[in-house]
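The values are calculated or read from the model by the stated rules, or taken from the named source; none is laboratory data. These figures come from a predicted structure and were not determined experimentally. Here the Cβ is made from the backbone with ideal geometry for all residues, glycine too, and neighbour counts use every protein chain on show.
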């Protein structure tokens with residue numbers, strides 16, 4: 001195995017695996033020309049960390065990786081079915097995934113980049129970052145958080161509703177995860193839901209037109225160097241059968257965002273108070289790109305400005321699974337695009353042929 005390669009791919013989730021597959025198809029030789037560095041101890045990306053009660057029917061659709069259909073039953077646990085599929089995919093296409101390898105920092109170097117990891121250094125002519133968001137949970141700051149005597153946790157810490165029995169749980173966040181967790185937790189105990197904006201419910205299926213509109217807004221944000229926002233504001237919350245059940249039970253009656261936390265609950269400036277044993281922050285994630293900080297890629301708008309999949313003005317740095325490609329189908333398309341661009345850039349004679 002060479003530690004001098006043409007391309008280093010960071011991350012082996014949907015984005016990293018689809019990019020690795022595409023690089024092979026573009027003529028890059030595994031281990032010799034490119035490697036995939038994955039921090040996880042086993043295949044599966046973020047899926048291996050999902051809560052046990054999440055089934056495939058309760059997730060956004062998991063699209064096939066290129067070249068291998070995903071055929072798991074909709075009742076299967078996501079944390080088992082998707083990692084098994086990813087493991088099969090890595091074996092089937094003999095992808096050069098090295099794990100566990102944690103990338104600590106990426107620096108510019110003559111002719112490319114120096115990738116520092118806990119397993120040594122790699123030198124590369126080009127970089128594809130496919131690290132997703134799961135390792136960068138976001139918890140907003142509110143006055144009194146340090147005073148609250150109950151438990152505070154984020155979606156990444158959730159393991160199941162049973163542990164909250166007999167406690168009052170305040171769920172914070174307006175996304176699909178918050179709605180799903182409320183549906184589960186409200187079956188075993190009392191809950192309060194708070195969001196910054198009133199939820200917008202969407203009856204019926206989410207179609208291609210709505211999907212294109214959501215992606216277009218995110219694409220505009222990354223072109224302008226702003227942080228990609230949540231697509232829920234565009235798509236609304238889809239009323240699935242389990243959401244309908246929670247609505248009918250009154251579990252999804254929402255309050256506006258509280259002003260502060262107290263020792264034993266949450267409070268509003270108008271005098272309202274809700275006692276709480278637990279505050280569950282279902283407040284989303286940020287892109288996991290801290291290791292790219294030495295490259296100084298962030299714009300004044302707080303995000304990383306992209307042109308297609310590569311950083312604006314940096315054709316050898318691609319972000320797959322970021323912004324408009326932060327979905328399973330979007331990652332597939334972005335991986336193919338990045339691989340084609342890198343072949344044209346790094347192997348112009350081959351591309352011309």
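Numbers below:
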{"read-out": "Residue match in the stretch 143-156 (condition: within 26 Å of the chain's Cα centre (by Cα), over 24 Å from residue 268 (Cα atoms) and not assigned by TED's automatic domain parsing to the domain that holds residue 50)", "value": "yes"}
{"read-out": "Every residue from the stretch 40-62 that is in a loop (DSSP other than H, G, I, E, B) and closer than 15 Å to residue 132 by Cβ", "value": "40, 43, 44, 50, 59, 60, 62"}
{"read-out": "Residue check for residue 188: closer than 28 Å to residue 240 by Cα, in contact with a helix residue (DSSP H, G or I) (Cβ under 6 Å, 6 or more places away or on another chain) and modelled with pLDDT of 95 or more", "value": "yes"}
{"read-out": "Test for residue 105: is it more than 21 Å from residue 329 (Cβ to Cβ), surrounded by fewer than 16 Cβ atoms within 10 Å (Cβ to Cβ) and at pLDDT 95 or above", "value": "yes"}
{"read-out": "Given (1) surrounded by fewer than 22 Cβ atoms within 10 Å (Cβ to Cβ); (2) at pLDDT 95 or above, number of the condition residue 298 does not satisfy", "value": "(2)"}
{"read-out": "Residues of the stretch 118-132 satisfying the condition of being part of a loop (DSSP other than H, G, I, E, B) and either within 17 Å of residue 297 (Cα to Cα) or not assigned by TED's automatic domain parsing to the domain that holds residue 332 (or both)", "value": "130, 131, 132"}
{"read-out": "Residue check for residue 69: in the same structural domain as residue 120 (by TED's automatic domain parsing) and in contact (Cβ under 8 Å) with a residue 60 or more places away in the chain", "value": "no"}
{"read-out": "Only listed residue being in contact (Cβ under 8 Å) with a residue 24 or more places away in the chain and assigned to a strand (DSSP E or B), chosen from 188, 115", "value": "115"}
{"read-out": "Failed item in (1) in contact with a strand residue (DSSP E or B) (Cβ under 6 Å, 6 or more places away or on another chain); (2) modelled with pLDDT under 70; (3) crowded, with 16+ Cβ neighbours inside 10 Å, with residue 211 passing the rest", "value": "(1)"}
{"read-out": "Per-region count, the stretch 214-256, residues in contact with a strand residue (DSSP E or B) (Cβ under 9 Å, 6 or more places away or on another chain), part of a helix (DSSP H, G or I) and at pLDDT 80 or above", "value": "2"}
{"read-out": "Residue count, the stretch 272-290 (criterion: assigned to a strand (DSSP E or B) and more than 20 Å from residue 177 (Cβ to Cβ))", "value": "3"}
{"read-out": "Subset of the stretch 268-297 (residues that are without any contact (Cβ under 8 Å) to a residue 40 or more places away in the chain, closer than 25 Å to residue 126 by Cβ and touching a strand residue (DSSP E or B) at 6+ places or on another chain (Cβ under 8 Å))", "value": "297"}
{"read-out": "Set 29, 5: member being under 23 Å from residue 123 (Cβ atoms) and buried (at least 19 other Cβ atoms within 10 Å of the Cβ)", "value": "5"}
{"read-out": "Test result for residue 127, buried (at least 21 other Cβ atoms within 10 Å of the Cβ) and in contact with a strand residue (DSSP E or B) (Cβ under 7 Å, 6 or more places away or on another chain)", "value": "yes"}
{"read-out": "Positions within the stretch 67-111 being in contact with a strand residue (DSSP E or B) (Cβ under 7 Å, 6 or more places away or on another chain), under 17 Å from residue 15 (Cβ atoms) and not in a helix (DSSP H, G or I), in sequence order", "value": "95, 96, 97, 98, 101, 103, 106"}
